[in-house]
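Visitor: One structure, as structure tokens, below. Some questions next.
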Amino acid sequence: MSDGIIHDLFKQLDSSLRDSRTQPLFASQAPVWIYGAGNVGKDVFRLLTARGIPVVGFLDRQAGPDAAWQGVPIRQPDHAAIDRLRAHVVIGIFNAYVEIPPIVQMLERLGYLRVTHFLDLHDRFAAELGDRYWLTSRSYYTDLEPVIDAGHGLWADETSRALYCEILKFRFLKDYNALPKPEEGQQYFPTDIPPWSTPLRLVDCGAYDGDTLAQLLGTQLSVEAIAAFEPDPGNFTKLGQFVRARAGAMPDTVCLFPCGVDSATSQARFSSGQGTGSHASSTGDTVIQCVSLDDALPKFKPTLIKMDIEGAEYGALWGARRIIAEHRPALAVCLYHQPGHLWQIPLLVRQLTGGGGRFYLRSHCFNGFELVLYWQP
């Protein structure tokens, strides 16, 4: 049990949900500007205009003098023509690489009347804006206290337990200040937990362009074999180029598979060409081959399985259940692609491993992204 910590968070969630229903976001006639002219900012523009809320323009620190999108001006935040004392800014940014509190502080220093986070906007228009990685309607959590409390009890160290609660507080209360600074530069090979057993036999699911392999080579760990899976055609080409370019540093056994990883071997539609965001989708532009690790690697005997596969992690772990039960490899699995993965995946790992082992949680980017479960047998 969590000694009441999780229960207290749920009480705060309930109170926050009740308060939010009484506070309209756009009651005044203040002119609305959207900070951020990327994809999320444009989604915000479409939402607000569809709701009859006029948007004056976008704010972007890199905007040129005549920048515009579909006739809507894009201005730097300190542009002299903006009446900042009347303006209402909605932040249209939701990604792993931009820290939000410094943006809010900058806008407040410039004298903007009101600043609304994207999380606040999503809270009111969750159906229209849709689930985005871990972000969903906060009502999703209201009946989940028992299972979330069970997840809290798995973690092996105070850092993990504290981070689990901080992530929940961030999601429940939309409080960016609840989040600790991310541990950058250590993803999949953190230095503050016991090291991986060597020689390493790595299964890299979601190998992208070789970025995890590059990190691995920088650790100086002894590596015996690598099996890497990457379904996006463009990414797979870059992965192959990386491995050939670093051939002298690679182990003798390196196998690259142009496949996705899932619960079973099958084909799926896939949205390609989106870099790290390429993912399985019913409306995807191509069809990919997916495999279960139990089918693809029956004799590989991994010592570490890493998964960053855009929400397919739960199914992929189930598709590796025989390998996990027989060889008990360490695991490094992303937990941020789906709202429930924060506790569902650790609880599944406990089931697949028969209990035991040590569970660690670490955050490697801003805004609740790049959240990773590390499990060691």
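Visitor: Within the set of pairs 6+ apart or on separate chains, which have a first residue in region 315-340 that is basic (Lys, Arg), a second that is open to solvent by 10 Å² or more (accessible area, probe 1.4 Å), and C-beta atoms under 6 Å apart?
Guide: Note: pairs meeting the criteria are Arg321/Leu352; Arg322/Asp294; Arg328/Pro377.
Visitor: Taking the options Ala227, Ala280, Ala249, name whichever one is open to solvent by 20 Å² or more (accessible area, probe 1.4 Å), modelled with pLDDT of 95 or more and of a type in the set (A, V, I, L, M). Talk me through it step by step, then tell me what you get.
Guide: Working: Ala227 fails: open to solvent by 20 Å² or more (accessible area, probe 1.4 Å); Ala280 fails: modelled with pLDDT of 95 or more.
Exactly one of Ala227, Ala280, Ala249 is open to solvent by 20 Å² or more (accessible area, probe 1.4 Å), modelled with pLDDT of 95 or more and of a type in the set (A, V, I, L, M), namely Ala249.
Visitor: Any residue in region 120-136 that is farther than 16 Å from Leu13 by Cα and in contact (Cβ under 8 Å) with a residue 12 or more places away in the chain sitting within a Cβ distance under 8 Å of a residue that is among the acidic types (Asp, Glu) and part of a helix (DSSP H, G or I)? List the pairs, counting only those 6 or more apart or interchain.
Guide: Once the first residue is farther than 16 Å from Leu13 by Cα and in contact (Cβ under 8 Å) with a residue 12 or more places away in the chain and sits in region 120-136, its partners that are among the acidic types (Asp, Glu) and part of a helix (DSSP H, G or I) give Leu129/Asp43.
Visitor: Among the residues of region 20-35, which ones are in contact with a helix residue (DSSP H, G or I) (Cβ under 8 Å, 6 or more places away or on another chain) and either at pLDDT 90 or above or open to solvent by 70 Å² or more (accessible area, probe 1.4 Å) (or both)?
Guide: Val32, Ile34, Tyr35
Visitor: Collect the residues in region 20-38 that are within 18 Å of Ile91 (Cβ to Cβ), among the polar types (S, T, N, Q) and assigned to a loop (DSSP other than H, G, I, E, B), keeping them in residue-number order.
Guide: Gln23, Ser28
Visitor: Across region 252-268, which residue is surrounded by the fewest Cβ atoms within 10 Å (Cβ to Cβ) among those that are of a type in the set (A, V, I, L, M, F, W, C) and not in a loop (DSSP other than H, G, I, E, B)? Write out each step before concluding.
Guide: Taking region 252-268 as the starting set, the residues that turn out to be of a type in the set (A, V, I, L, M, F, W, C) are 254-257, 259, 261, 264, 268.
Still in the running and not in a loop (DSSP other than H, G, I, E, B): 254-257, 261, 268.
Values: Val254: 17, Cys255: 13, Leu256: 18, Phe257: 21, Val261: 28, Ala268: 17.
In this case the residue turns out to be Cys255.
Visitor: I would also like to ask the following. Do you know which residues across region 39-56 are surrounded by 13 or more Cβ atoms within 10 Å (Cβ to Cβ) and in a loop (DSSP other than H, G, I, E, B)?
Guide: The one that is surrounded by 13 or more Cβ atoms within 10 Å (Cβ to Cβ) and in a loop (DSSP other than H, G, I, E, B): Ile53.
Visitor: Quick check: anything in region 287-300 more than 25 Å from Arg201 (Cβ to Cβ), surrounded by fewer than 17 Cβ atoms within 10 Å (Cβ to Cβ), modelled with pLDDT under 90 and touching a Ser or Thr at 6+ places or on another chain (Cβ under 7 Å)?
Guide: Within region 287-300, none of the residues are more than 25 Å from Arg201 (Cβ to Cβ), surrounded by fewer than 17 Cβ atoms within 10 Å (Cβ to Cβ), modelled with pLDDT under 90 and touching a Ser or Thr at 6+ places or on another chain (Cβ under 7 Å).
Visitor: Which residue out of Ile167, Ile91 is over 22 Å from Leu25 (Cα atoms), touching a helix residue (DSSP H, G or I) at 6+ places or on another chain (Cβ under 8 Å) and aliphatic (A, V, I, L, M)?
Guide: On the way: Ile91 fails: over 22 Å from Leu25 (Cα atoms).
The conditions single out Ile167.
Visitor: Right, Val261: under 18 Å from Ile226 (Cα atoms) and either within 21 Å of the chain's Cα centre (by Cα) or modelled with pLDDT under 90 (or both) or not? Outline the logic, then answer.
Guide: On the way: under 18 Å from Ile226 (Cα atoms): yes; either within 21 Å of the chain's Cα centre (by Cα) or modelled with pLDDT under 90 (or both): yes.
It is true that Val261 is under 18 Å from Ile226 (Cα atoms) and either within 21 Å of the chain's Cα centre (by Cα) or modelled with pLDDT under 90 (or both).
Visitor: Checking the condition under 21 Å from Lys306 (Cβ atoms), modelled with pLDDT under 95 and not basic (Lys, Arg), which residue from Gln220, Gln241 passes?
Guide: Numbers: Gln241 fails: modelled with pLDDT under 95.
From the options Gln220, Gln241, the qualifying one is Gln220.
Condition check ((1) modelled with pLDDT under 95; (2) buried (at least 20 other Cβ atoms within 10 Å of the Cβ); (3) part of a helix (DSSP H, G or I)) across all residues:
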residue	(1), (2), (3)
Asp78	no, no, no
Ala81	yes, no, no
Arg86	yes, no, no
Val89	no, yes, no
Ile103	no, yes, yes
Leu107	no, yes, yes
Leu121	no, yes, yes
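Visitor: Let me ask something else. Looking at Leu202, Leu216, Leu239 in this structure, which one is in contact with a Gly (Cβ under 6 Å, 6 or more places away or on another chain) and farther than 30 Å from Asp43 by Cα?
Guide: On the way: Leu202 fails: in contact with a Gly (Cβ under 6 Å, 6 or more places away or on another chain); Leu216 fails: in contact with a Gly (Cβ under 6 Å, 6 or more places away or on another chain).
After ruling out the rest, the residue left standing is Leu239.
Visitor: Something else about it: Which residue pairs have Cβ atoms under 9 Å apart, sit 6 or more places apart or on different chains, and have a first residue in region 139-152 that is modelled with pLDDT of 95 or more and a second that is among the acidic types (Asp, Glu)?
Guide: Tyr140/Asp131; Thr142/Asp14
Visitor: Among all residue pairs at least 6 apart or on different chains, which show Cβ distances below 7 Å where the first residue, located in region 295-306, is under 15 Å from Leu331 (Cα atoms) and the second is crowded, with 21+ Cβ neighbours inside 10 Å and among the hydroxyl-bearing types (Ser, Thr, Tyr)?
Guide: Short answer, once both residue conditions are applied: Lys306/Tyr188; Lys306/Thr212.
Visitor: Which number in (1) closer than 30 Å to Leu154 by Cβ; (2) assigned to a loop (DSSP other than H, G, I, E, B); (3) open to solvent by less than 50 Å² (accessible area, probe 1.4 Å) marks the one condition that Leu17 misses?
Guide: Every condition holds for Leu17 apart from (2).
Visitor: Still on this model: One residue is enough: does region 71-92 have a residue meeting the conditions free of Cβ contacts under 8 Å to residues at least 24 places away in the same chain and closer than 25 Å to Glu128 by Cβ?
Guide: yes
Visitor: Further question on the same structure: Of the residues in region 125-170, how many are open to solvent by 40 Å² or more (accessible area, probe 1.4 Å), assigned to a helix (DSSP H, G or I) and not hydrophobic (A, V, I, L, M, F, W, C)?
Guide: 10
Visitor: Applying the selection to region 191-235, what residues are free of Cβ contacts under 8 Å to residues at least 24 places away in the same chain and over 20 Å from Val372 (Cβ atoms)?
Guide: Matches in region 191-235: Gln220 only.
The values are calculated or read from the model by the stated rules, or taken from the named source; none is laboratory data. The model shown is predicted, which means the values in this text are computed figures rather than measured ones. A quick note on method: Cβ atoms are made from the backbone with ideal geometry, for glycine too, and the neighbour counts reach across all protein chains shown. Protein only, heavy atoms only, side chains kept; ligands, DNA and RNA dropped before computing areas. Shrake-Rupley method; radii C 1.70, N 1.55, O 1.52, S 1.80 Å.
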